[in-house]
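No value in this document is a laboratory result; all are computed from the given coordinates. Since this is a predicted model, take the numbers as computed values, not measurements. Positions of Cβ are generated from backbone atoms using ideal geometry, with glycine treated the same way; all protein chains shown enter the neighbour counts.
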Amino acid sequence: MQAYHEIYSEAQQDPEGFWLEQAKRLDWFTPPTTAAAVKKNGLADWFPDGQINVSYLALDAQVNAGRGDQDALIYDSPVTDRVEKYSYQQLKDEVAKFAGVIQSMGVEKGDRVIIYMPMIPQAAIAMLACARIGAIHSVVFGGFAAHELAIRIDDAEPAMLLTASCGIEGNKTLAYKPIVDRALAEAEKPPQNVIVFQREQQLAELQQGRDHDWQQLMEGAEPVDAVPVAATHPLYILYTSGTTGRPKGVVRDHGGYAVALNFSMNYVYGLQPGDVFFTASDVGWVVGHSYIVYGPLIFGCSSILYEGKPINTPDAGAFWRVVEQHKVTAIFSAPTAFRAIKKEDPQAEHLKRYDISSLQRVYMAGERLDPATYEWTTEVTGLPVYDHWWQTESGWPMCANPVGVGATPVKPGSSSLPVPGYEVTVLDTTGKQLGANEEGSICVRLPLPPGCLPTVWGDEQRLQDSYLKAFPGYYCSGDGGYIDDEGYVFIMGRTDDVINVAGHRLSTGEMEEILAAHPAVAECAVVGTPDDLKGELPIGLVILKNEVDIDPQQLQDELVQRIRGEIGAIACLKTLYVVPKLPKTRSGKILRRLIRQLLQREDVAIPSTIDDSNSIEAIQACIEEQSKASQ
Ligand code: COA
Ligand code: AMP
């Protein structure tokens, strides 16, 4: 604990000195002389006079340091039965050539490029190529449907879109190109050019003039060098769910992000250059950006890019097989992945088939690590298992066990201690700081450390309204929880309408907007309910318009289809109930907590603000009747 307290206080008392020291570990074009320029809104511009390039750090700097022959990226794809290794030199060559391709097609510094790709090396190559020329990438998770892609296209206004012909989900081959075509047709500001990586599993039809073949373009490509950009130059935009149907474009810079990730690779993950890091996530999420692509490469590790699932590809031993085959040092995934393994293989029989002696630690994030999953994973692996808490907005962990400077005891249910640079605190609704063990809103005192969002793309007001307005002087995380008397942080769940389904952050508000657009629906509410495997699952309550006469099963099918068609299958909204009324306060606010209690058959605490307490029994009866009918 002593080392932790020392380093934490150092960052708190002298942030300027602390972060400039961390910055020295990277290869700058122009080293910064100032760490932070604090802005009017309380956030900071990090290293404002430094010049850097993240693609250079991840590739050229590693080759220059003698790691040219070391594996940079290990693509492990059980779904195509393929393993491909890219050394740092090879990855640099591929990225430099692809950067040449997009530059020759007119992409310039500051232009946006949408990347809608499955978990193939070309996704990482595309990201690093954009960064190399100062273009701003925006990766859209391949599980999102055309409408979601179109929303992001219209917000980012990209010069180009990069995609692949198909993705492979377990035993399903999913054509990507028709989704892209639909999104481009729906978007008001579609890009002029689309580059398609053709996968042999399913080729895509290309539209003359607009669509181009990745492999053909690479044949004649000229490599380009990384351009120096200001440390504050945007590296990417990553859209994340908020409370409405319009996702927020979280912006990330080059310099602050690189410094933060480099620091975290040892401080949080206890890794050394040359170690093998296996982050089983997707490049479409922040975890994939930070710990499949940028963090491991900037730090000189070998990173696994895994195109598979924790189970069924081919079995619940998939992760352990990867660990043995590539001598993985640390693994990181969402608790839901380990719950899936535990469900399939409770006795961890598969694990016994593999030699996982290279593995030193297991990390989980993306949702709360429930004590049962923590205990099971600890028991079957015999290794330390660490929960850590962060968000798309932070870009790197806000609370974690300080493994690199000396691990502290683990408390199941807690994501451990605030990371240096984050002054995490718990506030009540009036903004008063709460004491130990008192539950409230988890906030971080401004300014935030390097790596965190400097803004929301094109919408400074949204930055203010979503994160900074509720508690002046603090960043409001949207999570609730408490800090115990030893400073351990316990994140208990969202305080807004965001839910977490299988580690995927989704907006119930957006689902409501989609359901409400159905011609039969007068009003609706979607809430998250606990699920043993996925953490949470959405359930919808709908009120029909008066004159509507529709078969309940048909309505259910249509609504489920709408959600799948507009958000994507990952939304997992499969259960809906038709009710006569929604429980509301007298001012018209939907009582979501009460709905959750009704759905979980808990004792209902009826608030005094309710507009019509008599409606509760009728709603309850409808839920019971319809859930019996569906069994
Ligand atoms: N592209 C297209 N579709 C996708 C997709 C992708 N990248 N990812 C998921 N889907 C689809 C699935 O095919 C499935 O479709 P279906 O309803 O037609 O069968 C649906 O979305 C739900 O998928 P998922 O939530 O993955 O459920 P599952 O039952 O297939 O698998 C788990 C369950 C737990 C194995 C899986 O959710 C998992 O691996 N979770 C870990 C998530 C993770 O790593 N999150 C990262 C945050 S750190
Ligand atoms: P995302 O931005 O998609 O990474 O999702 C961030 C959200 O996931 C957070 O605001 C939390 O609600 C949740 N989350 C992430 N990590 C944890 C964790 N370790 N414990 C509890 N919740 C978490």
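Of the GluC sites (Glu not before Pro) found in segment 148-190, those in coil by DSSP whose Cβ has at most 15 other Cβ atoms within 10 Å are Glu188.
Residues of segment 43-84 with an amide N closer than 20 Å to a point placed 7 Å from the Cα of Glu460 along the Cα-to-Cβ direction: 43-49.
Efficiency by 1/(1 + (r/R0)^6): what FRET value for Ala629 and Arg592, r their Cβ-Cβ distance, R0 = 22 Å, to the nearest 0.05? Present the calculation step by step, with values, prior to reporting the outcome.
Values: r = 25 Å, r/R0 = 1.11.
FRET efficiency, Ala629 to Arg592: 0.35.
Let me make sure I get this right: for segment 90-249, a, b and c are the square roots of the gyration tensor eigenvalues over alpha carbons, sorted descending. Under 1.5 in a/c it's rounded, otherwise prolate if a/b > b/c, else oblate. Which is it? Oblate shape, in that a/c is at least 1.5 and b/c is the bigger or equal ratio.
Kirkwood Rh over alpha-carbon pairs of segment 143-227, then Stokes-Einstein at 4 °C and 1.567 mPa s: what D in µm² s⁻¹, rounded to an integer?
Details: Rh = 13.8 Å.
Using the Kirkwood radius from Cα pairs, D works out to 94 µm²/s.
At q = 0.23, 0.26 Å⁻¹ the log10 of I(q)/I(0) for segment 364-447 amounts to -1.21, -1.35, computed by Debye summation with a single uniform scatterer per C-alpha, solvent ignored. DSSP beta bridges fully contained in the chain are about 60 percent antiparallel. Computed from the Cα positions only, the extents of the chain along the three principal axes stand at 72, 62, 56 Å, in decreasing order. Take the chain and mark each of the chymotrypsin sites (Phe, Trp or Tyr not before Pro) that is in a DSSP loop with at most 16 other Cβ atoms within 10 Å; the longest unmarked stretch, sites excluded, is 30-353. From the alpha carbon centroid of segment 213-231 to that of segment 421-461 is 39 Å. Using bins of 10 Å that start at zero, the share of Cα-Cα pairs per bin across segment 502-630 amounts to 12, 45, 36, 7, in whole %. The distance linking segment 152-171 with segment 282-324 is 20 Å (Cα centroid to Cα centroid, whole angstrom).
Please list, by residue number, every one of the trypsin sites (Lys or Arg not before Pro) in segment 413-487 that is coil in DSSP and has at most 16 other beta-carbon atoms within 10 Å.
Lys432, Lys469
Around the Cα centre of segment 502-630, unit charges on the Cβ atoms of Lys, Arg, Asp and Glu (plus for the first two, minus for the last two) sum to a dipole of about 400 debye. Only Lys, Arg, Asp and Glu carry charge here, each on its Cβ (+1 for the first two, -1 for the last two); on that basis the chain has a dipole of about 140 debye about its Cα centre. Where both partners of a DSSP beta bridge lie in segment 502-630, what percent of those bridges are antiparallel, to the nearest 5? Bridges in segment 502-630 are about 75 percent antiparallel. Counting only residues at least eight positions apart within a chain, or on another chain, the lysines with an alpha carbon under 30 Å from that of Lys574 are Lys172, Lys177, Lys248, Lys309, Lys342, Lys343, Lys534, Lys545, Lys584, Lys589, Lys628.
Treating each Cα of segment 376-510 as an identical point scatterer and summing with the Debye formula, the log10 of I(q)/I(0) at q = 0.14, 0.20, 0.23 Å⁻¹ comes to -0.68, -1.31, -1.59. In this simple spin-label approximation, Asp81 and Ala621 carry label points 7 Å from Cα along the Cα→Cβ vector, and these lie 5.9 nm apart.
Would you mind pulling out the separation of the Cα centroids of segment 52-111 and segment 598-631, in Å? Using only Cα atoms, the two centres lie 55 Å from each other.
Please state the relative contact order of segment 502-630 as a whole percent: Cα pairs under 8 Å, 6+ residues apart?
It comes to 21 percent, rounded to a whole number.
Annotation: amide H of Asp253 within the under-5 Å range of Leu235, sequence separation 5 or more or interchain, hydrogens built in the peptide plane. Taking every C-alpha pair closer than 8 Å and separated by at least 6 residues, the mean separation divided by the residue count of the chain gives a relative contact order of 12 percent. By the helix-only formula, in which each DSSP H run with n ≥ 4 contributes -39500 (n - 2.57) and the sum is divided by residues, the chain has a 222 nm mean residue ellipticity of -8500 deg cm²/dmol.
Report D for segment 232-368 in µm² per second (integer): Stokes-Einstein, Kirkwood Rh on Cα pairs, 25 °C, 0.890 mPa s. Can you show the working numbers first?
Values: Rh = 16.0 Å.
My calculation gives 154 µm²/s for D.
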